[in-house]
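A.B. asks: Let me give you the structure first, and then I'll get to my questions.
The values are calculated or read from the model by the stated rules, or taken from the named source; none is laboratory data. Note that the coordinates shown come from a computational prediction; the quantities given were computed from them, not determined experimentally. In this analysis, Cβ positions are derived from the backbone assuming ideal geometry, glycine residues included, and neighbour counts consider all displayed protein chains. Quick note on the areas: whole protein, heavy atoms, side chains included, nothing else; ligands and nucleic acids left out. Shrake-Rupley method; radii C 1.70, N 1.55, O 1.52, S 1.80 Å.
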Amino acid sequence: QVQLAESGGGLVQPGGSLTLSCVGSGFTFSAAAIHWYRQVPGKVRQLVASISGRGGSMIDYPESVRGRFTISRDDAKRTVYLQMNNLKPEDTAVYYCNIPRIDFWGQGTQVTVSS
């Protein structure tokens, strides 16, 4: 069956960096576009990065993270990464990866940015 597993979250100081990983199985990983979202309790889930399938030539970010977050993929490892730099307290959230074509979600990984 389809599975997505996020990892790499944790506690980091403002200005620090983290790299999240999303490992997929049970589907044709290389063909799948993958999105990263984040959610704060009581707020709507927010899209933070997107990468297309078949080489990942199309990448997009919202203004709130552009220049600080970088999405990439390694299809041989069935993994999509989210490199997050210059983290701010407002980046604190649970981060989820998602397969938009079938609206499938991973379980999420917590990122906390605090001094």
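A.B. asks: Report yes if some residue within the stretch 74-94 is basic (Lys, Arg), under 21 Å from Val2 (Cα atoms) and at pLDDT 95 or above; otherwise report no.
C.D. replies: yes
A.B. asks: Among the candidates Arg38, Arg73, Arg68, which residue alone is touching a helix residue (DSSP H, G or I) at 6+ places or on another chain (Cβ under 8 Å) and either crowded, with 19+ Cβ neighbours inside 10 Å or over 23 Å from Asp103 (Cβ atoms) (or both)?
C.D. replies: Residue meeting the stated conditions: Arg38.
A.B. asks: Collect the residues in the stretch 73-82 that are part of a helix (DSSP H, G or I) and either at positive phi or small (Gly, Ala, Ser) (or both), keeping them in residue-number order.
C.D. replies: Selection gives Ala76 alone.
A.B. asks: Which of the residues spanning the stretch 83-99 are open to solvent by less than 50 Å² (accessible area, probe 1.4 Å) and either more than 16 Å from Leu11 (Cα to Cα) or not in a strand (DSSP E or B) (or both)?
C.D. replies: Leu87, Asp91, Thr92, Tyr96, Cys97, Asn98, Ile99
A.B. asks: In addition: If Cys22 meets every condition in (1) closer than 15 Å to Gly108 by Cα; (2) open to solvent by 20 Å² or more (accessible area, probe 1.4 Å); (3) not aromatic (Phe, Trp, Tyr) apart from one, which number is that one?
C.D. replies: The failed condition is (2).
A.B. asks: Going through the stretch 100-115 one residue at a time, which ones are assigned to a strand (DSSP E or B) and open to solvent by less than 60 Å² (accessible area, probe 1.4 Å)?
C.D. replies: Those that are assigned to a strand (DSSP E or B) and open to solvent by less than 60 Å² (accessible area, probe 1.4 Å): Thr109, Val111, Thr112, Val113.
Here is a yes/no grid of residues against (1) assigned to a helix (DSSP H, G or I); (2) modelled with pLDDT of 95 or more; (3) under 23 Å from Ser115 (Cα atoms):
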residue	(1), (2), (3)
Ala5	no, yes, no
Leu11	no, yes, yes
Gly16	no, yes, yes
Leu20	no, yes, yes
Gly55	no, no, no
Ser64	no, no, yes
Ile71	no, yes, no
